[in-house]
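The values are calculated or read from the model by the stated rules, or taken from the named source; none is laboratory data. Being a predicted model, the structure only gives us computed values, none of them experimental. Please note: Cβ atoms are built from the backbone with ideal geometry, for glycine as well, and neighbour counts cover all protein chains shown. The accessibility values were calculated without ligands, DNA or RNA, using every heavy atom of the protein model including side chains. Shrake-Rupley method; radii C 1.70, N 1.55, O 1.52, S 1.80 Å.
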Amino acid sequence: MLVLGIESSCDETGVALYSRTHGLLAHRLHTQMAMHAEYGGVVPELASRDHIRRLVPLTRACLADAGKSHADIDAVAYTQGPGLGGALLAGASYANALAFALGKPVIPVHHLEGHLLSPLLSADPPPFPFVALLVSGGHTQFMAVRGIGDYTLLGESVDDAAGEAFDKTAKLLGLPYPGGAKLAELAESGRPGAFDFPRPMLHSHDLQMSFSGLKTAVLTAVEKVRAEYGGSVPEQTRNDICRAFEDAVTDVLAAKARKALADTGWRTLVVAGGVGANRKLRRRLSEITVRAAAKGRLKTPPEAVRTYFPPLEYCTDNGAMIALAGAMHPERAQPAQGFDVKPRWPLAEIVSQAV
Ligand code: KG4
Ligand code: ZN
């Protein structure tokens with residue numbers, strides 16, 4: 001079964017071909033980052049129009065890369081949500097029109113399920129069951145993944161997503177959009193301990209998280225520095241703030257990941273989503289060890305955890321994870337006759353149960 005995958009939920013147009021027998025055959029991506037940069041954020045109308053321009057040439061290029069033709073496609077998977085309404089409509093209408101013309105079914109995909117399964121695209125895929133940390137610009141969630149389609153939400157951010165906090169903090173430090181990766185780069189030159197930001201909900205005894213207060217703490221620190229230096233923030237101080245911010249976020253994520261592993265008793269952690277590209281976070285999550293619950297008065301020894309990261313190109317939005325998620329759900333194939341998109345689509349609607 002050969003599945004064409006279409007991703008268009010935000011500012012990346014992704015197209016890929018995934019075969020259930022041969023794996024990923026080809027994938028192409030166009031990022032609109034440069035186009036939105038001059039506005040300091042994604043402009044939804046521009047995003048939709050650009051998706052429309054890119055979808056046909058990207059599909060043709062993908063088919064050529066794989067040595068396939070339109071006639072070889074068995075189903076068209078597309079991101080049905082969540083995301084920007086217009087951007088989703090561009091991909092959904094293209095996917096449905098193409099499938100209708102080919103006389104093939106469509107498979108609507110939840111964007112986050114794509115992220116969740118993206119580690120399966122790596123050469124060394126994780127075994128089930130595993131704890132997944134979905135950490136992107138829109139979401140920060142821990143999920144228990146027992147198998148394809150068998151997900152339980154363990155906990156999530158109650159306000160800003162971690163990536164959103166990275167981007168908003170970068171913006172208030174005057175970094176160009178999208179600031180998350182740039183902030184992380186500057187943090188590498190920051191001095192440890194120069195600033196100390198709060199670790200919200202670190203001790204909340206559950207897997208809920210909160211990142212919006214952190215951004216406010218950074219704002220207060222920046223205002224203080226500005227007042228001290230006549231309106232500007234010296235380069236080293238800015239880097240120190242970046243470092244302290246990144247340390248706070250990664251501390252919270254690592255502590256909650258350890259708790260999720262302790263609670264489930266599993267020793268496999270999978271990290272997916274754009275913030276999964278963050279090097280400090282990767283380091284912290286790779287070093288996690290967990291003690292099983294103490295037996296009587298005896299302390300159990302720390303157990304190693306194996307942490308999996310999807311290859312960097314599959315961490316951020318891409319078509320490969322949508323083609324893969326579609327191929328894993330042949331039972332969801334449906335005729336391409338009328339369609340809708342779901343800009344707001346809680347993952348809970350496709351998970352087995354919410355905790
Ligand atoms: O998964 P993704 O491509 O898009 C969705 O949100 O669905 O994630 C994008 C997010 C942005 O917030 C971006 O700033 C963040 O991932 N990001 C990073 C890094 N690279 C991308 N955040 C921290 N460190 C990075 N190296
Ligand atoms: Zn995403």
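Using 0.36 nm per residue of separation minus the Cα-Cα distance, give me the extension gain between residue 45 and residue 287 in nm, one decimal.
Taking residue 45 through residue 287 to full extension adds about 82.9 nm, to one decimal.
Rounded to the nearest 10 degrees, what's the angle between the helix 235-264 long axis and the longest principal axis of the chain, both from Cα atoms, 0 to 90? Roughly 70 degrees between the two axes. Near residue 213: Cβ cut-off under 15 Å, other residues only, Lys/Arg at +1 and Asp/Glu at -1. The net charge is -2.
Amide hydrogen proximity for residue 24: with H placed 1.01 Å from N in the peptide plane, the residues at 5 or more positions away or on another chain lying under 5 Å are 19. Of all DSSP-defined beta bridges confined to the chain, some 60% are antiparallel rather than parallel. Listed by chain and number, the aspartates and glutamates whose alpha-carbon sits under 19 Å from that of residue 259, ignoring those within fewer than 8 places in the same chain, are 156, 206, 247, 251, 287, 303. For segment 1-75, the list of GluC sites (Glu not before Pro) that fall in a loop by DSSP and count at most 16 other C-beta atoms within 10 angstrom reads 38. Along segment 57-65 the Karplus relation, 6.51 cos²θ - 1.76 cosθ + 1.60 evaluated at θ = phi - 60°, assigns HN-Hα couplings of x, 5, 5, 4, 5, 5, 4, 5, 4 Hz to successive residues, with x for each Gly and Pro. Counting only DSSP H runs of at least 4 residues, each contributing -39500 (n - 2.57), and dividing by the residue count of the chain, the helix-based mean residue ellipticity at 222 nm comes to -12500 deg cm²/dmol. Principal-axis analysis of the Cα atoms of the chain puts helix 212-228 at an angle of about 50° to the longest axis. Among 333, 292, 257, the largest mean-square fluctuation in a Gaussian network model of the chain (Cα springs under 10 Å) belongs to 292. The portion of the accessible surface of the chain made up by carbon and sulfur, rounded to a whole percent, is 53 (1.4 Å probe; DNA, RNA and ligands excluded).
Please find, in a Gaussian network model of the chain (springs between Cα atoms separated by less than 10 Å), the residue of 232, 118, 93 whose mean-square fluctuation is greatest. Maximum among the listed residues: 232. Scanning the chain for chymotrypsin sites (Phe, Trp or Tyr not before Pro) that sit in a DSSP loop and have at most 11 other Cβ atoms within 10 Å, the longest stretch containing none of them is 40-228.
Using heavy atoms of the protein chains and a probe of 1.4 Å, the accessible area assigned to residue 237 is about 20 Å². Over the chain, accessible surface divided per residue gives 43 Å², non-protein components excluded, 1.4 Å probe. Within the chain, the longest segment free of exposed loop sites, counting trypsin sites (Lys or Arg not before Pro) that fall outside DSSP classes H, G, I, E and B and have at most 12 other Cβ atoms within 10 Å, spans 1-296. Shown in residue order for segment 44-56 are the 3J(HN,Hα) couplings computed by the Karplus curve 6.51 cos²θ - 1.76 cosθ + 1.60 at θ = phi - 60°: x, 5, 5, 4, 4, 5, 5, 4, 4, 5, 8, 4, 5 Hz (x for Gly and Pro).
Reported to the nearest whole Å, the Cα centre-to-centre distance from segment 141-165 to segment 197-233 is 23.
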